[in-house]
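A.B. asks: Next up is a structure, given as structure tokens.
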Amino acid sequence: MSKKLVIVESPAKSKTIEKYLGKDFKVLASFGHIRDLPSKDGSVDTENQYKMKWASDTKSKKTISDIANAMKEADELYLATDLDREGEAISWHVYKVLEAKKLLKGKTVKRIVFNEITKTAILDSFKHAREIDKKMVEAYLTRRALDYLVGFNISPVLWRKLPGAKSAGRVQSVALRLVCDREQEIEDFKPAEYWDVLAKFTTENKDLVEAKLYSFEGEKLNKLDISNETQAKNILDKLNNAKEYKVISMEDKVVSRNPAAPFITSSLQIDASRKLGFGATKTMQTAQKLYEGVDIGKEGTVGLITYMRTDSINLSNEAISGARKLIEKEYGSDYLPAKPRVYSKKAKGAQEAHEAIRPTNFLRKPQDLKPYLDEDQFKLYELIWKRTVACQMASAKFNQATLNIAADNHGIFRATGFITIFDGFRKLYAIENDEEKSLPKLNEGENLNKDKIEINQHFTKPPARYSEASLVKKLEDLGIGRPSTYASIMRVLKTRNYVRVEQRRFIPEQKGRLVNSFLTNYFKDYVEYEFTSDMEKQLDSISMGEKDWIKTLDEFWTGFKKATEAGMELDHQDIKEKITQDLSHLLFTDDNRECPKCKEGKLELNFGKYGEFLGCSRYPDCDYKRSFTHHKGEEDKPDFEDNILGKNEEGIDVWFKEGPYGFYIQLGAANGKGKSKPKRATLPKGIKVEDVNLSLALNLLSLPKSLGEYEGEEVKTGIGRYGNYILYKGAFTTSNKSALEVTLEEAIEILKEAEKTPKAKGRAKAAPLKKLGKYEKNDIAVYSGRYGPYVKCGKVNATIPKDKKPEEVTLEEAIELIKAKKEK
């Protein structure tokens, strides 16, 4: 029998699928993309039909080697990467690499896709094997070329004209603009005063009725109509002097509310944020694990949800049938609609037009799976399970009452209330936290007793800053981005330090404001919401074969090339003036820009080694300068060393300092002699001084941090003298992932790869984990040993106690351990 090779994206998925397929199949993971466009000139040849030069990193080269070796032994190749555009592209890359190595001649190559990792779905996918979708690949190539051309051509303009700016991306720049525009709205907001009038009445039966003034002197009142206290008091006097308060109407009607559609990627991220407090990245990482498979005991490892990157709200007939059977059995026929609910979304070119996100088996109830899931997995699975089942349940019914009460001919008060008649889908999944309120049964013409009428002052509030949920919703409404990109957009904005997150809301950093101002002034067309949305539509058209991808790139590149060439010729003074004009309300406390030192020059925006600052226009004759974030009442600071970045959650100052060995973060001021040493974190290589902010500083101070457990042992990550590391069972493993971003799943893969690496023959000299200094003319350092971490000084080794973290051992503590060992 012929041997068959199956390529999937992740190793977690490969193990589950290999179990379903049997001994004739070998399943390998590509670990995502096996090659990409390197960030260097010429990766996309704009003069030669946008030909692309791909490259692979060290890890991908090993993956390619493993796949190539397996292909030599196989007769059939099945490309089973994810079913979206990126998945199609990964399959295409694998195909092209193997084809270049001449390993596919005379062999069967097919593309298979599945929406869930269950035995039925996997086996069924082989019955519907197809070719690689050329049009989807072309849409991917267009998207990748666009991202490269934008990033590679705008970023150098930023570096040269706006020192300290990291880079600009095609979609991320638009998301940054949204955050900055919202911040500008908040800053420009002027609160408006308004008043409302509330009354409390009692019936003959002593029932209390609370009502709000709805109209006055025959005119309906809008929110801002009562704009000051004098007006409010005049209205109050007339209402208090009314001779009677009479019921003029009471209306009861039954209203229905239908359940929401099942989850798509964006709505899952939004609800997970609102109900669970999950960020977009955490939601997608947790959903990925549920999709790829979890060991649930007797059944083994099983995929618990369908593919989580989708913009389709459709459910298969099988899924609808499964949900309806469960509803009737668990909740009764009253909760089952006469006909199945069918949801559809008219989204032209939807990439993932398969199914909504749903459980693979509705009989796997959340509580039954709780012993096998971690806390985050359980919460997200429960959310998905309830939403999907609820979408097939009966409508909720309410009795909605409206009561109108007249105060003579002066005004009408209105009271509303609702009572649930039948909870329907809300038994399982409440969309809103509506507070039920009943009204007593009253008859038209019935008089009420006035208990109290009062006026209350209010002020309008500025629009709220974007949360991850509301930013995802806004991007989706604008048609910007796709299900697979929302989490990465948020992550990039944060890692570039263009925004920070406080109380789960995005606030633009000063660097983000500067970059946005620059882009909106000089690359306005390319950060317009309509332009980016239209580009997404064009990519969809390419994937459906309606538009030529080369022509699309030509149309873009012609104008964009001229814009970037003009950007390189921009005058620095013009840039400073335009940004100063945009951000003057942040830079200056008033219209007076006079230099406080020489009284002759004007303050202007400048860019230096330590970031943006305001300096005197008469420099070098006048050397006055102060930080970009200077506000009225702050002490002028002549330099940028030893700055307080802000406070941590406990209210302790977080300092950014420069020492003899470079820059570092410090928690709290330096303490006096004999007191405990404040916690410090060295600024890692690759992070620029001007990009340091409070959010980054707090992340660095949190290291080393726990990622979770693996096989019953804690896994930690941190940054040491030799870069990022993973600490597991007392041993340090070098990591190619940033300690600030690495996930537990990625750390486990790094540990597994390290285990596979053959060890050198003979006695290789161990590399120290941490050099501490010298003692008695010998180097003293921390090492990782077979039986745990230890310190070594000359020929003397001393085990580090289990209650002491090896990365935290100081020189003084190491010397004491060595002394104690010598005494023994």
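The values are calculated or read from the model by the stated rules, or taken from the named source; none is laboratory data. Model, not experiment: these values are computed from the prediction. Cβ coordinates were reconstructed from backbone atoms using ideal geometry, including for glycine residues, and neighbour counts include every protein chain displayed. Quick note on the areas: whole protein, heavy atoms, side chains included, nothing else; ligands and nucleic acids left out. Shrake-Rupley method; radii C 1.70, N 1.55, O 1.52, S 1.80 Å.
A.B. asks: Using a 4.7 Å Cβ cut-off, which Cys residues in the chain lack a partner cysteine?
C.D. replies: Flagged as lacking a Cys partner: Cys180, Cys391, Cys793.
A.B. asks: Quick one: Debye curve from the C-alpha atoms of region 507-588, no solvent, what's log10 I(q)/I(0) at q = 0.11, 0.14 Å⁻¹?
C.D. replies: -0.43, -0.63
A.B. asks: Using a Förster distance of 45 Å, how high is the FRET efficiency between Lys3 and Val501, based on the Cβ-Cβ distance and rounded to 0.05?
C.D. replies: My answer for the efficiency is 0.35.
A.B. asks: For every helix of n ≥ 4 consecutive DSSP H residues, a contribution of -39,500 (n - 2.57) applies; sum these over the chain, divide by its total residues, and give [θ] at 222 nm rounded to the nearest 500 deg cm²/dmol.
C.D. replies: About -11000 deg cm²/dmol.
A.B. asks: List the extent of the Cα atoms of region 1-158 along each of their three principal axes, largest first, rounded to whole Å.
C.D. replies: 56, 30, 26
A.B. asks: Okay, next question. Cut-off 14 Å, label point 7 angstrom out along Cα-to-Cβ of Arg491: give me the residues of region 705-737 whose amide nitrogen falls inside.
C.D. replies: In region 705-737, the label zone of Arg491 (backbone N under 14 Å from the point 7 Å along Cα→Cβ) covers 737.
A.B. asks: Using only Cα atoms, locate the centre of region 250-305 and the centre of region 775-810, then give the distance between them in Å, rounded to an integer.
C.D. replies: Between the Cα centre of region 250-305 and that of region 775-810, the gap is 48 Å.
A.B. asks: Sticking with this one: Provide the three semi-axes, in whole Å and in decreasing order, of the ellipsoid equivalent to region 491-550 as defined by the square roots of 5 times the Cα gyration tensor eigenvalues.
C.D. replies: Ellipsoid half-lengths, sorted descending, are 31, 16, 9 Å.
A.B. asks: If you average 1/r over all unlike Cα pairs in region 440-577 and invert the result, what Kirkwood radius do you get in angstrom?
C.D. replies: When all Cα pairs of region 440-577 are included, the Kirkwood radius is 19.7 Å.
A.B. asks: Okay, moving on. Stretch Lys246-Glu318 to full length: gain in nm at 0.36 nm per residue minus the Cα-Cα span?
C.D. replies: 20.2 nm
A.B. asks: A further question on this structure: Mind listing P(r) for region 68-190? All alpha-carbon pairs, 10 Å bins, whole percents.
C.D. replies: Spelled out per bin, shortest first, that is 11, 26, 24, 18, 14, 6, 1, 0.
A.B. asks: A follow-up question, please. Between Thr58 and Lys233, what is the spin-label point distance in nm, taking each point 7 Å from the Cα along the Cα→C-beta axis?
C.D. replies: 7.8 nm
A.B. asks: In percent, how large is the relative contact order of region 19-146, given Cα pairs closer than 8 Å and 6 or more residues apart?
C.D. replies: RCO, region 19-146: 23 percent.
A.B. asks: What Kirkwood radius, in Å to one decimal, follows from the Cα pairs of region 413-459?
C.D. replies: This gives a value of 14.7 Å.
A.B. asks: Kindly list the residues of region 709-750 that lie in the label zone of Lys771, defined by a backbone N under 14 Å from the point 7 Å along the Cα-to-C-beta vector.
C.D. replies: Only 721-723 fall inside the zone, counting backbone N under 14 Å.
A.B. asks: What Kirkwood radius, in Å to one decimal, follows from the Cα pairs of region 769-817?
C.D. replies: Value: 10.6 Å, from the Cα pair sum.
A.B. asks: Summing +1 for each Lys or Arg and -1 for each Asp or Glu, what net charge is found among the other residues whose Cβ lies under 10 Å from the Cβ of Asp408?
C.D. replies: +2
A.B. asks: Follow-up question, since we're still on this one. Could you tell me how many cubic angstrom of Cα convex hull volume region 193-319 has per residue?
C.D. replies: Spread over its residues, the Cα hull of region 193-319 gives 271 Å³ apiece.
A.B. asks: Quote the relative contact order of the chain in percent (integer), defining contacts as alpha-carbon pairs under 8 Å separated by 6+ residues.
C.D. replies: Reported relative contact order: 11 percent.
A.B. asks: Right, next: Calculate I(q)/I(0) for the chain by the Debye formula, one identical point scatterer on each C-alpha and no solvent, and give its log10 at q = 0.06, 0.08, 0.11 Å⁻¹ to two decimals.
C.D. replies: -0.55, -0.94, -1.42
A.B. asks: Follow-up. Please work out how much length the chain gains when fully extended from Arg160 to Asp24, using 0.36 nm per residue of separation minus the C-alpha to C-alpha distance, in nm with one decimal.
C.D. replies: Answer, rounded to one decimal: 43.2 nm.
A.B. asks: For the pair Ser65/Thr558, report the inter-label distance in nm, with labels modelled 7 Å from Cα in the Cβ direction.
C.D. replies: Result: 4.8 nm between the two label points.
A.B. asks: Here's something else I'd like to know. Which loop GluC sites (Glu not before Pro) in region 220-253, with loop taken from DSSP, have no more than 13 other Cβ atoms within 10 angstrom of their Cβ?
C.D. replies: Listed in order of number, the matching sites are Glu244.
A.B. asks: Further question on the same structure: Largest first, what is the accessible-area ranking of His354, His410 with a 1.4 Å probe?
C.D. replies: Heavy-atom accessible area, descending, gives His354, His410.
A.B. asks: How many angstrom lie between the Cα centre of region 402-420 and the Cα centre of region 4-82?
C.D. replies: Spelled out, the Cα-based centre of one part sits 68 Å from the other.
A.B. asks: If each of Lys822 and Glu435 carries a label point 7 Å out from its Cα toward its Cβ, how far apart are those two points in nm?
C.D. replies: That separation, rounded to one decimal, is 7.2 nm.
A.B. asks: Let me ask something additional. So if we plug the beta-carbon distance of Glu217 and Ser395 into 1/(1 + (r/R0)^6) with R0 = 60 Å, what FRET efficiency do we get, rounded to 0.05?
C.D. replies: So the FRET efficiency works out to roughly 0.90.
A.B. asks: Which percent, to the nearest 5, of DSSP beta bridges fully inside the chain are antiparallel?
C.D. replies: Approximately 90 percent, going by the DSSP bridge assignments.
A.B. asks: Please report, as a whole percent, how much of the solvent-accessible surface of region 780-824 comes from carbon and sulfur atoms (probe radius 1.4 Å).
C.D. replies: Looking at region 780-824 in its full context, I get 50 percent from C and S.
A.B. asks: Going 7 Å from the Cα of Gln49 in the Cα-to-Cβ direction, what parts of region 522-562 have a backbone nitrogen less than 17 Å from that spot?
C.D. replies: Residues 548-555 qualify, since their backbone N sits under 17 Å from the label point.
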